[in-house]
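Shown next, in structure tokens, is the structure this report addresses.
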């Protein structure tokens, strides 16, 4: 993933169902424009089943030089030798994840709308912090609402990259990019429509900055 102060990039998050034709859809999405990272986010299945679903997706990401990040599950990230893990506030500390996954792993932490949580994550060795939701999300219940000012604050004071998440579309992402987000994380906006078309639409907006 990128260093702070590089142009904002696209970070794709999987839909809940990654079976069936999803590998083909991921291939189409990643072929349509530059994507920095893909987060594998599945719930309610055991590790063996998750690993089977992840394998073809991980291979597609590797072929496109896209970081493959596992959501919430350090043990699964280790099993897959994934590029990193994304931790929620109840998923353990970045320090513990680093000990398990090694120095090269990309470790991200959900920080909602909290400066304090983000600073804490940075002190504990996170490689990026995720803020949101910035808009109502169609894919996830959102308790916390973040404002672009939070991204401005973070961008001005800290070197650790920020990820903006929550209801982001090609039509509403401009204030978030202008506020200094290093990545925009999107799921529903891409997977609920034509994924290639939507990646191209995001790419066109990001190219202006």
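Exposure proxy for 45, 107: other Cβ atoms within 10 Å of each Cβ, ordered fewest to most, give 45, 107.
Based on the Cβ-Cβ distance from residue 194 to residue 138, what FRET efficiency comes out when R0 is 22 Å, to the nearest 0.05?
Once rounded, the FRET efficiency stands at 0.85.
Between residue 64 and residue 204, the modelled labels are 1.9 nm apart [label points 7 Å from Cα along Cα→Cβ]. Based on the Stokes-Einstein relation at 4 °C and a viscosity of 1.567 mPa s, and on the Kirkwood radius from alpha carbon pairs, the range 28-97 is assigned a translational diffusion coefficient of 103 µm²/s. Under 12 Å from a label point set 7 Å out along the Cα-to-Cβ vector of residue 48, no amide N atom of the range 5-26 is found. Each listed q (0.13, 0.17 Å⁻¹) maps to a log10 I(q)/I(0) for the range 105-209, found by the Debye formula over equal Cα scatterers with no solvent: -0.45, -0.76. Sequence-distant contacts, meaning Cα pairs under 8 Å at least 6 residues apart, place the relative contact order of the range 9-206 at 20 percent.
Using R0 = 45 Å, the C-beta based FRET efficiency linking residue 55 and residue 147 works out to 0.70. Once the gyration tensor of the Cα atoms in the chain is diagonalised, the equivalent ellipsoid follows with semi-axes of 23, 22, 15 Å, ordered largest first.
Exposure proxy for 192, 119, 198: other Cβ atoms within 10 Å of each Cβ, ordered fewest to most, give 192, 119, 198.
Label-to-label distance, residue 156 versus residue 6, with points set 7 angstrom from Cα along the beta-carbon direction: 2.5 nm.
Measuring spread by the Cα atoms of the range 55-174 yields a radius of gyration and Dmax of 14.7, 40 Å. Annotation: the residues 11, 209, 128, sorted from fewest to most other C-beta atoms within 10 Å of their own C-beta, follow the order 209, 128, 11.
Multiplying the residue separation of residue 79 and residue 24 by 0.36 nm and subtracting their alpha-carbon distance yields 17.4 nm.
Once the Cα-Cα distance is subtracted from the 0.36 nm per residue extended length, the residue 89 to residue 104 segment shows a gain of 3.2 nm.
Dividing the helix sum by the residues of the chain, where each DSSP H run of 4 or more adds -39500 (n - 2.57), gives a mean residue ellipticity at 222 nm of -11500 deg cm²/dmol. Bridge orientation summary for the range 9-206: considering DSSP beta bridges with both residues in this region, about 0 percent are antiparallel.
Here, each number is a calculation from the coordinates, and none is a lab measurement. What you see is a predicted model, and the numbers here were worked out from it, not measured in a lab. In this analysis, Cβ positions are derived from the backbone assuming ideal geometry, glycine residues included, and neighbour counts consider all displayed protein chains.
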